[in-house]
1. Take every Cα pair under 8 Å in the chain that's 6+ residues apart, average their separations, divide by the length, and report that relative contact order as a whole percent.
2. With θ set to phi - 60° and the Karplus curve 6.51 cos²θ - 1.76 cosθ + 1.60, what are the ³J(HN,Hα) couplings of the range 50-56 in order, to the nearest whole Hz, using x for Gly and Pro?
3. List the residues whose amide H sits under 5 Å from the amide H of Thr53, counting only those 5 or more places along or on another chain, with H placed 1.01 Å from N in the peptide plane.
4. Once you've got the GNM for the chain with C-alpha springs shorter than 10 Å, pick whichever of Arg33, Arg62, Arg19 has the biggest mean-square fluctuation.
5. What number, rounded to the nearest 500 deg cm²/dmol, is the helix-based mean residue ellipticity at 222 nm of the chain, given -39500 (n - 2.57) per DSSP H run of at least four residues and division by all its residues?
6. Given H placed on each backbone N at 1.01 Å, which residues far from Lys9 in sequence or on other chains put an amide H within less than 5 Å of it?
7. What is the Rg over Rh value, at two decimals, for the range 23-77, using alpha-carbon atoms and the Kirkwood definition of Rh?
Amino acid sequence: MMDAHITIKYPLATEKSIRLMESENKLVFVVDRKATKQDIKKAIQELFKAKVTAVNTLNSVRGEKLAYITLAKETPAIDIATTLGIM
């Protein structure tokens, strides 16, 4: 397993990611290219003490790997986004 700070690079604050945060309780992060879904899930749970329901990944055209993290209902994505300074 990779270190949590190496796995998760930075949060993405685009219009789409903010819409997903509000409507589907999802956060979007740029992650390390070699990180697996399990690595990403463990890193998010470790860094933010949040319960992760699902992780979907996408290799973007720009060469970045994006992780769409769905959080449990008990953990609002907006609360985490506020601590990160996105909202």
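Please treat every number below as a calculation from the coordinates, not as lab data. A quick note: this is a predicted structure, and the numbers were derived from the prediction, not measured.
1. Details: 145 pairs, mean separation 26.7, N = 87.
It comes to 31 percent, rounded to a whole number.
2. Residue by residue, the range 50-56 yields 10, 8, 9, 8, 8, 10, 10 Hz.
3. Under 5 Å from the amide H of Thr53 lie the amide H atoms of Thr70, Leu71, Ala72, each far enough along the sequence or on another chain.
4. Arg62
5. On the way: 4 runs with 34 residues, N = 87.
Mean residue ellipticity, 222 nm, calculated: -11000 deg cm²/dmol.
6. Val30, Val31, Asp32
7. Values: Rg = 10.9 Å, Rh = 11.3 Å.
Reported Rg/Rh, Kirkwood definition of Rh: 0.96.
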